[in-house]
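The values are calculated or read from the model by the stated rules, or taken from the named source; none is laboratory data. Small disclaimer: the values here were computed from a predicted structure and weren't measured. Here the Cβ is made from the backbone with ideal geometry for all residues, glycine too, and neighbour counts use every protein chain on show.
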Amino acid sequence: MAGWLCACGLFRMLTSLFIPALIASVTVSLLLFVVLLGIRLWIGQKKKASVHLGKDGKEQKVVAFFHPYCNAGGGGERVLWCALRALQIRYKDAKYVVYTGDKDVSGEEILNGAVGRFNIKLSYPVEFVFLKKRYLVEERLYPHFTLLGQSLGSILLGWEALVKCVPDIYIDSMGYAFTLPLFKYLGGCGVGCYVHYPTISTDMLSVVRDHDTRFNNAAFISTNPVLSRLKLIYYVLFALIYGWVGSCSDIVMVNSTWTFNHVLELWKCSDCISIVYPPCDVQTFLSIELEPKKERAEHSVVSIGQFRPEKDHKLQIRAFSTLLAKKTPEERANLKLILIGGCRNKQDELRVTDLKKLSTDLGVPVEFKVNIPFEELKKHLSEATIGLHTMWNEHFGIGVVECMAAGTVILAHNSGGPKLDIVVPYEGHETGFLADSEESYASAMDRILAMSEDQRLQIRQNARRSVSRFSDQEFEVSFIAATEQLFT
């Protein structure tokens with residue numbers, strides 16, 4: 001009897017707590033709904049107030065790209081400019097906007113940079129909306145919980161963009177998936193995205209689960225079971241949220257088979273996802289004459305890629321050092337490593353400084369070419385023997401394609417896009433080489449240098465024939481087809 005009375009008392013207590021909690025939850029939900037509805041109506045009024053009419057007198061559709069680093073000069077920026085060029089040709093009457101945080105330069109300078117670096121000139125004007133809060137997505141601001149911090153920061157940056165210009169169509173072309181629900185549900189926009197690299201992937205979960213030390217999994221975490229478990233929980237929860245925000249997109253474009261597999265698994269978007277290979281300026285590089293070169297003693301190894309940590313330039317320098325250790329003094333004097341890439345910010349510039357120090361400490365002759373003009377890039381590739389790439393799980397690898405089109409013998413990382421999409425046999429013939437460690441890179445470089453010019457020429461020819469599927473023209477056709485439903 002006493003137990004029954006105790007149970008009844010407990011039930012009454014829980015009931016008395018449940019009802020107030022339910023009322024509080026419903027009240028908070030209603031208040032949140034009212035606030036969001038008010039914001040949606042306010043945004044709608046701003047949109048109506050900024051309506052533009054085209055030459056035909058009809059309302060002009062506003063198409064906005066979210067690309068905070070549009071002046072960075074990397075492969076992602078090439079996608080942006082080619083996408084804009086394609087849409088301007090297909091939908092001439094639309095107004096095109098780019099949200100950017102490059103407020104230290106003018107719109108004219110940005111467009112001139114696109115011409116100088118990528119040889120891309122747009123047919124019609126573009127309006128730049130300069131954002132003041134780009135620092136909110138800088139990784140330096142979040143030494144811990146970087147993924148979460150940058151993602152939350154992107155929401156605030158996206159809000160600044162939305163308030164300044166409310167588009168009809170919003171396309172995230174840089175991977176800030178957390179902005180998608182903001183523009184879809186508060187902005188009432190048709191939403192699309194081009195995913196270069198998922199913010200989190202199952203591979204990243206595996207790195208933490210397997211206690212593997214990498215640039216995004218420090219040794220003090222990978223060697224500590226408790227910290228590894230906590231980080232794994234954090235990653236799993238983040239992946240669930242990332243999957244939801246990504247699923248808000250009306251259309252999803254990804255740049256490779258590797259990215260497709262990861263995004264499909266996380267976003268569950270099989271009905272609206274497509275692979276759109278990024279545009280590589282293969283035609284310009286194909287203009288470089290591909291002829292048997294006389295047997296020569298001097299050889300350059302050239303790397304193309306922004307100076308970001310994941311590009312793993314340190315591996316390139318160490319592998320080149322290992323190669324030099326196998327050579328005689330005379331042979332070493334005829335070998336040089338050239339690292340070509342763009343710097344987005346001070347952190348990238350400091351990274352270059354660290355790489356210079358590493359090369360000095362190892363006694364490796366390295367030439368650094370930072371933010372160089374397109375013609376200079378083309379010249380270095382035309383003279384190079386080997387094109388080098390070392391990023392683990394590179395989402396695609398535009399630099400890899402450019403090296404192949406230019407006629408270098410490519411040596412890329414045995415993972416991601418290079419492994420699945422690019423450095424694959426063409427009509428049964430070899431198109432390049434893959435490696436995954438300091439020693440295997442050094443051995444592969446040694447093997448390539450030991451080949452005759454005719455042997456290298458055969459591989460270079462096979463590689464060139466294989467890259468036509470990554471041309472600007474192929475990208476533009478695929479991009480227009482994928483985004484068509486946003487314009488209907």
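Things worth noting here:
- Segment 56-95 - residue that is surrounded by 23 or more Cβ atoms within 10 Å (Cβ to Cβ) and aromatic (Phe, Trp, Tyr) and, of those, farthest from residue 169 (Cα to Cα): 81
- Taken together, the residues in segment 461-488 that are touching a strand residue (DSSP E or B) at 6+ places or on another chain (Cβ under 6 Å), in contact (Cβ under 8 Å) with a residue 40 or more places away in the chain and over 19 Å from residue 272 (Cβ atoms) amount to 1.
Conditions tested, residue by residue: (1) farther than 29 Å from residue 462 by Cβ; (2) among the charged types (D, E, K, R); (3) out of contact with any Leu (no Cβ under 9 Å at 6 or more places or on another chain).
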residue	(1), (2), (3)
335	no, no, no
343	yes, no, yes
366	yes, no, no
387	no, no, no
410	no, no, no
415	no, no, no
421	no, yes, yes
424	no, no, yes
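- Single residue of 442, 405, 435 found to be surrounded by 22 or more Cβ atoms within 10 Å (Cβ to Cβ) and among the aliphatic types (A, V, I, L, M): 405
- Failed item, numbered, when residue 175 is tested on (1) at pLDDT 95 or above; (2) within 28 Å of residue 482 (Cβ to Cβ): (1)
- Screening segment 219-333 for strands (runs of 3 or more DSSP E) wholly inside it with 2 or more residues that are within 28 Å of the chain's Cα centre (by Cα) and small (Gly, Ala, Ser) returns the ranges 299-304.
- In the set 298, 349, only one residue is modelled with pLDDT under 90 and surrounded by fewer than 19 Cβ atoms within 10 Å (Cβ to Cβ); that residue is 298.
- Being in contact with a Lys or Arg (Cβ under 8 Å, 6 or more places away or on another chain) and of a type in the set (Phe, Trp, Tyr) holds for only one residue in 185, 135, 197, and it is 185.
- Output for segment 108-126, where each listed residue is under 17 Å from residue 88 (Cα atoms), in a helix (DSSP H, G or I) and in contact (Cβ under 8 Å) with a residue 12 or more places away in the chain: 111, 114
- Filtered residue count, segment 356-396, keeping only those that are out of contact with any helix residue (DSSP H, G or I) (no Cβ under 8 Å at 6 or more places or on another chain), free of Cβ contacts under 8 Å to residues at least 60 places away in the same chain and closer than 27 Å to residue 453 by Cα: 4
- Filtered residue count, segment 456-481, keeping only those that are over 16 Å from residue 405 (Cα atoms) and either surrounded by fewer than 20 Cβ atoms within 10 Å (Cβ to Cβ) or among the charged types (D, E, K, R) (or both): 5
- Only one of the numbered conditions (1) modelled with pLDDT of 85 or more; (2) farther than 21 Å from residue 480 by Cβ is not met by residue 32, and that is (1).
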